[in-house]
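Asker: Take a look at this one; I'll ask things after.
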Amino acid sequence: MLATTALGFSTVWVGAFDEAEVMKVVGILGSLRPLVLLPIGYAEMPPRITSRRSLEDLAHYLGD
């Protein structure tokens, strides 16, 4: 996703889809299963800038 964005495209993680239909359309056979779809294209509007949490809010050191 980061590489896609760096190239000027937009993408989104899609985890809810008809697995059987995707397998049929893409031609997946055997024991392989699609886990996620990443549609890639140009955004109609630029993404909204959101604030980021600090690293201290997300990671904690568990000392001895």
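Asker: Taking the Cα centre as origin and putting +1 on Lys and Arg beta-carbons and -1 on Asp and Glu beta-carbons, what dipole magnitude results for the chain, to the nearest 20 debye?
Answerer: It works out to roughly 160 debye.
Asker: Report the GluC sites (Glu not before Pro) located in the chain that are in a DSSP loop and have at most 15 other Cβ atoms inside 10 Å of their Cβ, or state none.
Answerer: Values: sites: GLU19, GLU21, GLU44, GLU56; in loops: GLU44.
Sites meeting the loop and neighbour criteria: GLU44.
Asker: Another question, if that's okay. Distance in nm between label sites at ARG52 and LEU37, each 7 Å beyond Cα in the beta-carbon direction?
Answerer: Taking the two extended label points, one gets 3.0 nm.
Asker: For a protection proxy built on the mean count of beta-carbon atoms within 10 angstrom, sort 45-55, 1-11 highest first, please.
Answerer: Taking the mean over residues of other Cβ atoms within 10 Å, the ranking is 1-11, 45-55.
Asker: Let me ask you something else. Hey, can you grab everything whose amide H is under 5 Å from the amide H of SER10? Only 5+ residues off in sequence or another chain; H modelled, so Pro and N-termini drop out.
Answerer: GLY41, TYR42, ALA43
Asker: Hey, what do the phi angles of the stretch 31-37 turn into as Karplus ³J(HN,Hα) couplings, whole Hz, using 6.51/-1.76/1.60 and θ = phi - 60°, x for Gly and Pro?
Answerer: 8, 6, 9, x, 9, 8, 10
Asker: Under a crude label model (7 Å from the Cα following the beta-carbon direction), how far is VAL22 from HIS60 in nanometres?
Answerer: So the two model labels end up 3.4 nm from each other.
Computed from the coordinates by the stated procedures, all read-outs in this text should not be read as laboratory data. What you see is a predicted model, and the numbers here were worked out from it, not measured in a lab. Because the Cβ atoms are built from the backbone with ideal geometry, glycine has one as well, and the counts that use them run over all protein chains shown.
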